[in-house]
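To start, the structure under review is shown below, and the notes come after it.
The values are calculated or read from the model by the stated rules, or taken from the named source; none is laboratory data. This is a predicted model, so every value here is computed, not measured. Heads up, the Cβs are rebuilt from the backbone with ideal geometry, glycines too, and the neighbour counts pull from every protein chain shown. Side chains included, ligands, DNA and RNA excluded: accessible areas come from the protein's heavy atoms. Shrake-Rupley method; radii C 1.70, N 1.55, O 1.52, S 1.80 Å.
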Amino acid sequence: MIYIVEDDKNISEIESFALKNSGYEVAVYESAGAFEQAVKERMPRLVLLDIMLPDESGLTVVDKLRRDPLTEKIPIILVTAKTSELDKVKGFDLGADDYITKPFGVMELISRVKALLRRSGEQQAEKCLCIGNLLLDDERHTVTVEGGHCELTYKEYELLKLLMQRAGIVTRREDILNHVWGTSFQGESRTLDMHIKTLRQKLGPAGEMVKTVRGVGYMLENNGMSGERDARI
């Protein structure tokens, strides 16, 4: 899924049409707020981000994405009418991967998107995690148990992915909270216990693999892992 964050409907329609014709799944958001809410529900493969948004600067959005461990590796292409070298430097300094200046050609857009996805794919392959009858497909953001779809919330999914990535290893409560809820999380640790409880329930029999290590944290029992671990931790 590619997210387009652009308040100019003429531009977003051109971008969306070009990307869909090239075989990509696309979602369009007209504000930073709507985009940030969408990211909490589903991670995009790439973001086309306008700098001049009605509620927040695109540069601020880039900074937020790069500061969050859950979104720091999302490929970002800035799309803007600004042409000064300073704006480009600011974007790159904050962590943007590429930059397209309006007006731009459709072929150039598609070429840059493909090139960035190829580079990011080489740096961190999106792998499936499989332990027993539990399968997590991070590219499609889906979880299946014994071949049946398991519907998880965003936090439950990230919690399960972390435990699967570290299968057989005890992960401390503080590390889980920092990774899934963010380093600034100040909520009750009971939040984690409740999420573990609902995750076990939704996973059914596979939920028995989620073990509590009293006084330390949690781990996913590794009873023979197949597939490869996702490189993103």
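Miscellaneous remarks
- Residues that are at positive phi and either assigned to a helix (DSSP H, G or I) or modelled with pLDDT of 90 or more (or both) do occur in region 182-204, at least one of them.
- Search result, residues across region 1-25 that are within 14 Å of Pro44 (Cβ to Cβ) and among the hydrophobic types (A, V, I, L, M, F, W, C): Met1, Ile2, Ile4, Val5, Leu19
- Complete set of residues in region 67-110 that are open to solvent by 50 Å² or more (accessible area, probe 1.4 Å), outside any loop (DSSP other than H, G, I, E, B) and within 19 Å of Ile14 (Cα to Cα): Val106, Met107, Glu108
- Filtered by the rule that a residue be assigned to a strand (DSSP E or B) and surrounded by fewer than 20 Cβ atoms within 10 Å (Cβ to Cβ), region 1-27 gives Val26, Ala27.
- Selection status of Thr60, free of Cβ contacts under 8 Å to residues at least 24 places away in the same chain and touching a helix residue (DSSP H, G or I) at 6+ places or on another chain (Cβ under 9 Å): no
- Every residue from region 138-152 that is closer than 14 Å to Leu203 by Cβ, modelled with pLDDT of 85 or more and in a loop (DSSP other than H, G, I, E, B): Glu146, Cys150, Glu151, Leu152
- Residue in region 219-226 that is outside any strand (DSSP E or B) and either open to solvent by less than 40 Å² (accessible area, probe 1.4 Å) or at pLDDT 90 or above (or both) present: no
Matching residues to (1) open to solvent by 30 Å² or more (accessible area, probe 1.4 Å); (2) under 19 Å from the mean Cα position of the chain (by Cα):
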position	(1), (2)
Asp137	no, yes
Gly147	yes, no
Lys155	yes, yes
Leu163	no, yes
Ile169	yes, no
Glu174	yes, no
Val180	no, yes
Arg190	yes, no
Arg200	yes, no
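- Test for Lys64: is it modelled with pLDDT under 90 and open to solvent by 60 Å² or more (accessible area, probe 1.4 Å): no
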